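Bear in mind that the values in this text are calculations on the coordinates, not laboratory data. Remember, it's a predicted structure, so these values are computed and weren't measured experimentally. Cβ: placed from backbone, ideal geometry, glycine included. Neighbour counts: every protein chain shown.
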Amino acid sequence: MKKKKLLKTVAILLPVLAIGILIYLFTNFQTKKSKVEALQNMPGFSVKDINGNTVTNENLSIGNKILVYFNPECEYCQTEMEELSNINDKHKNIQWIMFTDKPLDEIRKFAGQYKLDKAENIKWCNDPKSEVYLKFTMTGIPYFLAYDSDNKLVHRSTGVIKIEKVLASFDEK
């Protein structure tokens with residue numbers, strides 16, 4: 001008798017639980033999809049660079065730009081900055097906006113380590129409350145978003161990637 005009652009309860013709860021999980025997954029997917037769609041045009045942002053200047057989406061130079069969220073302690077980020085330091089002279093037309101939530105002194109040290117602190121086409125920015133990270137629905141570090149001169153998204157990736165592959169996204173559009 002108890003066994004039958006238990007089986008009935010399980011028979012009712014399992015489908016209800018499965019339906020609940022499916023609804024959760026569907027709504028979570030839809031939320032993520034709408035956030036990604038919002039990135040198709042560069043969203044607004046406002047941060048301070050290592051020189052104390054305000055950097056916004058509106059005061060960036062016209063042209064292709066790559067937004068990178070990094071962490072100075074991240075080995076992938078270090079490898080990619082080494083690569084960027086070797087090829088940046090060939091890509092002065094690309095504007096790089098580098099974001100991290102780390103303190104300004106760490107950002108300066110990191111930029112200087114790769115001799116990118118004086119590069120005119122690279123802005124090193126502090127995002128102390130990770131507002132850019134959240135607004136741009138970033139999911140890991142390093143995180144790349146490349147926008148063309150019309151501020152349309154041409155590349156989005158997270159994790160290790162060759163800088164040349166990100167740059168090639170501008171040729172593919």
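Values as computed for the structure displayed
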read-out	value
Residue list for the stretch 118-147, restricted to those being touching a strand residue (DSSP E or B) at 6+ places or on another chain (Cβ under 7 Å) and among the charged types (D, E, K, R)	123, 127
In the stretch 139-155, the residues that are under 8 Å from the mean Cα position of the chain (by Cα) and buried (at least 20 other Cβ atoms within 10 Å of the Cβ)	142, 143, 144, 145
Any helices (runs of 4 or more DSSP H) falling wholly within the stretch 60-173 and containing at least 2 residues that are under 22 Å from residue 39 (Cα atoms)	131-135, 163-172
Any pair with Cβ under 7 angstrom, 6 or more apart, that starts in the stretch 37-62 at a residue that is in contact (Cβ under 8 Å) with a residue 12 or more places away in the chain and ends at one that is among the basic types (Lys, Arg) and not in a loop (DSSP other than H, G, I, E, B)	39/156; 40/152; 41/152; 43/135; 45/135; 49/123; 50/108; 55/123
